[in-house]
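Below: one structure, written as structure tokens.
Bear in mind these aren't lab numbers, they're just calculated from the coordinates by the rules spelled out. In this text the structure is predicted, and so the values were computed from the model without any measurement. Here the Cβ is made from the backbone with ideal geometry for all residues, glycine too, and neighbour counts use every protein chain on show.
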Amino acid sequence: MRKYAPWEEGFDPTPPPAAAGEATGAPDFVGIGAQKAGTTWWFDAISAHPDVHTPDNIHKERHFFGRYAVEPFGPSDCSLYHAWFPRPPGKLTGEWTPDYMHFPWVPSLLARAAPRTRVLVLLRDPVERFRSGLAHQRRDRGRLTATMFQDAVARGFYDDALRRWTCCFPGEQILVLQYEMCIADPARQLARTCRFLGLDPFVFEGIGNRVNATVEHVALAQDARDRLVDLYAPDVSALFASFPELDPGLWPNFAGTQTK
């Protein structure tokens, strides 16, 4: 069965019909980032909860808001977005599109379409995310370009991106997770995620099975690594100040920057 992913090139944006007994509406949760930080793994863990409904024929990443950088957005577009989220009574549903975090026009549009949604963020050391992101691009595109390098660097400025989200959603509706913490203690971090979503704790037997893990990373010369660390350091410091639940010790690339 083909998984629907809206607004691919030439793709019909009409959502698949809801099944009998299902209702549509604003998503209960939306994951916004970050790319190559374990989002598919974590979405699958959430989807395994008995009180979460994830349709088999709809992709985890809806990419709904991408086109609205140049198109108008009104009530009919909100309704169209809601139609992508069918669920039986009493079940939660949502999506996780990593691009949303870094598209500046998305926070205000999502706040209009789903003002009470819970926003999930999963972050990874930005230098390691950079390397993994480039490997992902090289695997899919065959060669790396300057535009890809620019995009990969830009995706690592987490605090700068999240400031736009905290302007549109109250703090109690945003949960920021750390990829390295989820790797080290997945059961506890999944329980934390469930509490945030209002779900009862549960044991997911597949929590140790990471999805889409990057096997080969792009080689990074020490000089280039040092330059990236210097580039990201002010944003990383601001991020840890904004979200004190994050553990600086899990990002050793920045161990020397936190005392400056």
Where labels lie 7 Å past Cα in the beta-carbon direction, separation of Asp226 and Arg195 in nm: 4.3 nm
Under Karplus coefficients 6.51, -1.76 and 1.60, residue-wise ³J(HN,Hα) of segment 58-63 in Hz, glycine/proline x: 10, 5, 4, 9, 7, 6
Distance from segment 152-207 to segment 20-34 (C-alpha centre basis), Å: 17 Å
Among Asn253, Leu109, Met181, the residue whose Cα sits farthest towards the positive end of the charge dipole of segment 29-254 (+1 at Cβ of Lys and Arg, -1 at Cβ of Asp and Glu, taken about the Cα centre) is Leu109
Length-normalised contact order of the chain, Cα under 8 Å, at least 6 apart, in percent, tallies to 24 percent
Between (1) 30, 21, 18; (2) 26, 23, 17; (3) 32, 30, 20, the structure-derived semi-axes √(5λ) of the Cα gyration tensor in Å is (1)
Using the Karplus curve 6.51 cos²θ - 1.76 cosθ + 1.60 with θ = phi - 60°, work out ³J(HN,Hα) for each residue of segment 114-130 in order, rounded to whole Hz, and write x for Gly and Pro. 8, x, 9, 5, 8, 9, 10, 10, 10, 10, 9, 2, x, 5, 5, 5, 4
Ordering of 31-39, 239-247 by burial proxy (mean other Cβ atoms within 10 Å per residue, highest first): 31-39, 239-247
Can you give me the relative contact order of segment 45-101 as a percent, contacts being Cα pairs under 8 Å and 6 or more apart? 54 percent
From DSSP H assignment alone, runs of 4+ in the chain each adding -39500 (n - 2.57), the sum over residues rounded to the nearest 500 puts [θ] at 222 nm at -11500 deg cm²/dmol
Pop the C-beta distance of Ala19 and Ala241 into the FRET formula with R0 = 51 Å and round what comes out to the nearest 0.05. 0.65
